[in-house]
Structure formats: C-alpha cells, structure tokens
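Shown next, in structure tokens, is the structure this report addresses.
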Amino acid sequence: MRTQFSMGWSPLFHGLLCLAFCLLSSSGFAQDRWTIQGQYLALNDKPVFLTGANYIPSTGWLMILENWNPEAVDRDMVALRKLGITCIRFPPLWPLLQPNIEEVSKEKLARLNQLVTIAHRNGIDVQVGPITGWMSGATFLPKWADGDIFTDARIIAGEQKLASDVARSLKDNPGLQGYDFGNEISAMASMMNLHPTPNQTGRWMDTIYQGFHLADPHHPVINGLGGFGGSFDIWTVAAHSDYLPVHFYSYFNRTMNMDPWIGQRTTYSLNSSIAHAAMTGKPVLVQEIGCSEAWVPKEDLAKFLRLTLMSAWAQGAAGYFWWGSHNIDPSYPVPTSDIVLKYSKPSFSKGIFDSLVFGDN
C-alpha cells in the first residue's frame, strides 16, 4: 500500500478533491497576465483561487530534469487535471540547474520550459522555485554553494544569476504562474546551522527578488518558507515578496496534540496561520498542506482535505496546494555524486528517503 502524501487515493478521495477544486477554481486554461489585487492573485484582472499541488514527478522523482521523460510529465499532468488541479508548484533541484556558479544549464532550462509548456497544454499553470536545496529531509546543494548562502557575496551572486536566468528563460511561457525562491529555505538554513540576522536575510531576499523581477517584472514572486520568525521575520519577508506562503502540517505543528485530527481546533489552526500572514496586507497562499495514512485512517484523509480546503477559502487565502502530487518509490536512490548531502538527516548518507515520504509496500 503506497499512499502517503499521495494524490492517488480512494475513489471517494478523488471525487471530493475534484469537486472541491472544481468549485473553487476559476483560472481556466490560459494565462496572460498575473497581478496582485488586494488580498488576492488576479489573472487578467480577475481574482482567482489557486487550486493546486506540489508536483513530485511520478517517474524519476525530482531528477526528472536530469533523466528527462516528457511522456511521463504529460501523463502526470493529465491525471492532475482530471482531479481539478489548475496550478502546480515545481521545485527543480538547485544543483541540476546550476552545476557551477557561473553556469546555469541551458539544457535543464529548456527542459524546465518544456515541463511548463506540457502543464499549460493540459490546463495547468506552474510556479517554479529554482533555489531548491532542501527537500524531504535532505539538503541538495551544488558543491560551489557549500557555505553561507545568505552572507557570502560570491554565493549570493550565483544565486541571483540563477534567479535571473530562470526568469529570462520562462517569462514568455504562457504556462508560467510565477516564481518561488525555492523550497523551504528557512529549513535549509536550520539544517546548515546558519543563523543570519533579519537584516542579513532582508538584504539577501532583496537581491534574489530583484533577480527575478528585473528579468521578468510581469510575474509574481513568493518565498516558500517553512515558517516565519527568527532570521525570517514576517515583515522582512513581506517586504521582499509579492505574496506570502503558509506551510501547514498538523503533525509537525503538534496541533493534533490538542484536538482530534478532524476537529475544530486542529482545523482552525490553519485559519490562524493564514490570518497571521494576512496581517501584512499581502495575499496568502496555502503553499503546502498535507496528511498521511501514517497519521490518520485512510477514510479521514478526504475529510481533512475538505475541511482545510474550505477553511482556507473561507479565511480569504489566495489558494491551496496539497503536498504532494505523487509518492516517492522507496527503491529510488538519491544521487550522491556532485551534490552536497552532508547537512541531511542521517539516512541520506546512503541516499535513502525518510519512510514518511513513501508508502509501505
């Protein structure tokens, strides 16, 4: 049984997800102009509620840009669209895009562009987060970035180049929704034992934000942090993002210790997180939320999704992205050459994923 953090669950789950996403979605099949209107994202001047998922390719995991398989991407997009998904967040691994500080791979950029095109052909827009050096318990860093990624001027220049090159490559693709800095950079900082001040992270965020926006002023930018506070003060983040993320997991937030999983307090803690981010005056995207059969009975998964999706919409969020679209095959080996894994959980010394991210066979 392989069901953890998966979109491929029971027919009941399929039906509820499709119904809820279709009811709340209004972005359609084409993308022209994304803007910010008050607390919402707007497509062609019409406010939209993004209904989406974090895209983990079903074939080849996030190494798909290395082992390119456009047919598999197309199959995934067809399946996601049938569920009612209209937008995905895709985190390409940083070392694949930028193996050297002065080189952003033209081949990988072309494949990323093709992935966005395939998604758009299936009625799905894409949010791209290129500085993804953290994922599922592991740090995936290019060797040249093994240092203080927030204060080392040489590394920062390389990061800004990546943001700029990605934006120049994708800006004219009609399937592009916008840019994310990268997956949970705050978690990556913690794993690397980096403790920049809010002023230092503010300068860093401004550099990366400008890297995206100077190359492409027409698509919004979000910084997909795992939470606010400490080095990532919410007001500093808001000053360097067009809208703000909420990453919410009852298990990791420990709210399930106070109430049943399918309970008002557990569910409403999501509303509290949205309201906290919304106080900055920026739109708020529930960018990551998920539940697992390791935590709740299978029949409660659809209930959890329905309650939190409707709660996010009612609280005024700009969208809701489930984590994640597909399971990870437990036999898939994490590549260890040319990628810095030393800040990862101990299991990654042998390239093995944490058991939470795949189901038991």
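Looking at Arg111, is it modelled with pLDDT of 95 or more, part of a helix (DSSP H, G or I), surrounded by fewer than 19 Cβ atoms within 10 Å (Cβ to Cβ) and of a type outside the set (S, T, N, Q)? Give the derivation first.
Details: modelled with pLDDT of 95 or more: yes; part of a helix (DSSP H, G or I): yes; surrounded by fewer than 19 Cβ atoms within 10 Å (Cβ to Cβ): no; of a type outside the set (S, T, N, Q): yes.
No.
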**Message:** Which pairs turn up if I take residues in the stretch 245-265 that are within 20 Å of Ala302 (Cβ to Cβ) and among the polar types (S, T, N, Q) and look for partners that are surrounded by 15 or more Cβ atoms within 10 Å (Cβ to Cβ) and modelled with pLDDT under 75 with beta carbon separation below 8 Å, at least 6 apart in sequence or on another chain?
**Reply:** Ser250/Met256; Ser250/Trp261; Ser250/Thr266; Thr255/Thr266
**Prompt:** In the stretch 209-223, is there at least one residue being more than 26 Å from Ser344 (Cα to Cα), among the aliphatic types (A, V, I, L, M) and surrounded by fewer than 16 Cβ atoms within 10 Å (Cβ to Cβ)?
**Reply:** yes
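Determine which member of the set Asp172, Asp206 is assigned to a helix (DSSP H, G or I), among the acidic types (Asp, Glu), without any contact (Cβ under 8 Å) to a residue 40 or more places away in the chain and over 18 Å from Ala277 (Cβ atoms). Lay out the reasoning, then the answer.
Numbers: Asp172 fails: assigned to a helix (DSSP H, G or I).
Residue meeting the stated conditions: Asp206.
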**Message:** Being among the hydroxyl-bearing types (Ser, Thr, Tyr), in contact with a His (Cβ under 9 Å, 6 or more places away or on another chain) and at pLDDT 95 or above: is that true of Tyr243 here?
**Reply:** no
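Look through the stretch 279-301, keep the residues that are among the hydrophobic types (A, V, I, L, M, F, W, C) and more than 12 Å from Trp261 (Cα to Cα), and return whichever of them is modelled with the lowest pLDDT. It would help to see each step written out before you state the result.
Within the stretch 279-301, the first condition is being among the hydrophobic types (A, V, I, L, M, F, W, C), and the residues that meet it are 279, 284-286, 289, 291, 294-296, 301.
Okay, now just the ones that are also more than 12 Å from Trp261 (Cα to Cα), so 279, 284-286, 289, 294.
Values: Met279: 97, Val284: 98, Leu285: 98, Val286: 98, Ile289: 95, Ala294: 81.
It comes out as Ala294.
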**Complete:** The condition of being touching a residue at least 12 places away in the same chain (Cβ under 8 Å), in a helix (DSSP H, G or I) and at negative phi holds, among Ile85, Ile118, only for Ile118
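Looking at Lys82, Lys171, can you tell me which residue is of a type in the set (Lys, Arg) and closer than 29 Å to Trp204 by Cα?
Values: Lys82 fails: closer than 29 Å to Trp204 by Cα.
The conditions single out Lys171.
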**In the stretch 294-319, the residues that are more than 19 Å from Arg254 (Cβ to Cβ) and not hydrophobic (A, V, I, L, M, F, W, C)** = Pro297, Lys298, Glu299, Lys303, Arg306, Gln315, Gly316, Gly319
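From Gly182, Gly178, which residue is buried (at least 20 other Cβ atoms within 10 Å of the Cβ) and in a strand (DSSP E or B)? Walk me through how you get there before you give the answer.
Working: Gly182 fails: in a strand (DSSP E or B).
The match here is Gly178.
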**Asked** Considering only the stretch 34-50, how many residues are more than 11 Å from Pro283 (Cβ to Cβ) and assigned to a loop (DSSP other than H, G, I, E, B)?
**Response** 2
**Item:** Any chance Asp148 is over 23 Å from Arg89 (Cα atoms), of a type in the set (Asp, Glu) and touching a helix residue (DSSP H, G or I) at 6+ places or on another chain (Cβ under 9 Å)
**Value:** yes
**Complete:** Pairing a residue in the stretch 276-301 that is free of Cβ contacts under 8 Å to residues at least 60 places away in the same chain with any residue that is part of a helix (DSSP H, G or I) and among the hydroxyl-bearing types (Ser, Thr, Tyr), where Cβ atoms lie under 7 Å and the two sit 6 or more apart in sequence or on different chains, gives Ile289/Thr308; Trp295/Tyr251
**Request:** State all residues of the stretch 259-294 that are more than 23 Å from the chain's Cα centre (by Cα) and either closer than 16 Å to Gly224 by Cα or not in a loop (DSSP other than H, G, I, E, B) (or both); if no residue qualifies, say none.
**Result:** Gln264, Arg265
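Condition check ((1) hydrophobic (A, V, I, L, M, F, W, C); (2) closer than 30 Å to Ala138 by Cα; (3) modelled with pLDDT of 90 or more) across all residues:
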position: Met1; (1), (2), (3): yes, yes, no
position: Leu17; (1), (2), (3): yes, yes, no
position: Gln37; (1), (2), (3): no, no, yes
position: Val48; (1), (2), (3): yes, no, yes
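Given the options Thr132, Thr117, Thr139, name the one that is crowded, with 24+ Cβ neighbours inside 10 Å and within 20 Å of the chain's Cα centre (by Cα). Even if it seems obvious, please write down each step before you answer.
Numbers: Thr117 fails: crowded, with 24+ Cβ neighbours inside 10 Å; Thr139 fails: crowded, with 24+ Cβ neighbours inside 10 Å.
Step by step, each of Thr132, Thr117, Thr139 is checked, and only Thr132 is crowded, with 24+ Cβ neighbours inside 10 Å and within 20 Å of the chain's Cα centre (by Cα).
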**Item:** Conditions (1) modelled with pLDDT under 95; (2) surrounded by fewer than 22 Cβ atoms within 10 Å (Cβ to Cβ); (3) part of a helix (DSSP H, G or I): number failed by Ile64
**Value:** (2)
**Message:** Please go through the stretch 295-321 and give me each residue that is surrounded by fewer than 18 Cβ atoms within 10 Å (Cβ to Cβ) and in a helix (DSSP H, G or I), ordered by number.
**Reply:** Lys298, Glu299, Asp300, Arg306, Met310, Ala314
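The values are calculated or read from the model by the stated rules, or taken from the named source; none is laboratory data. Note that this is a predicted model, so its numbers are computed, not measured. In this analysis, Cβ positions are derived from the backbone assuming ideal geometry, glycine residues included, and neighbour counts consider all displayed protein chains.
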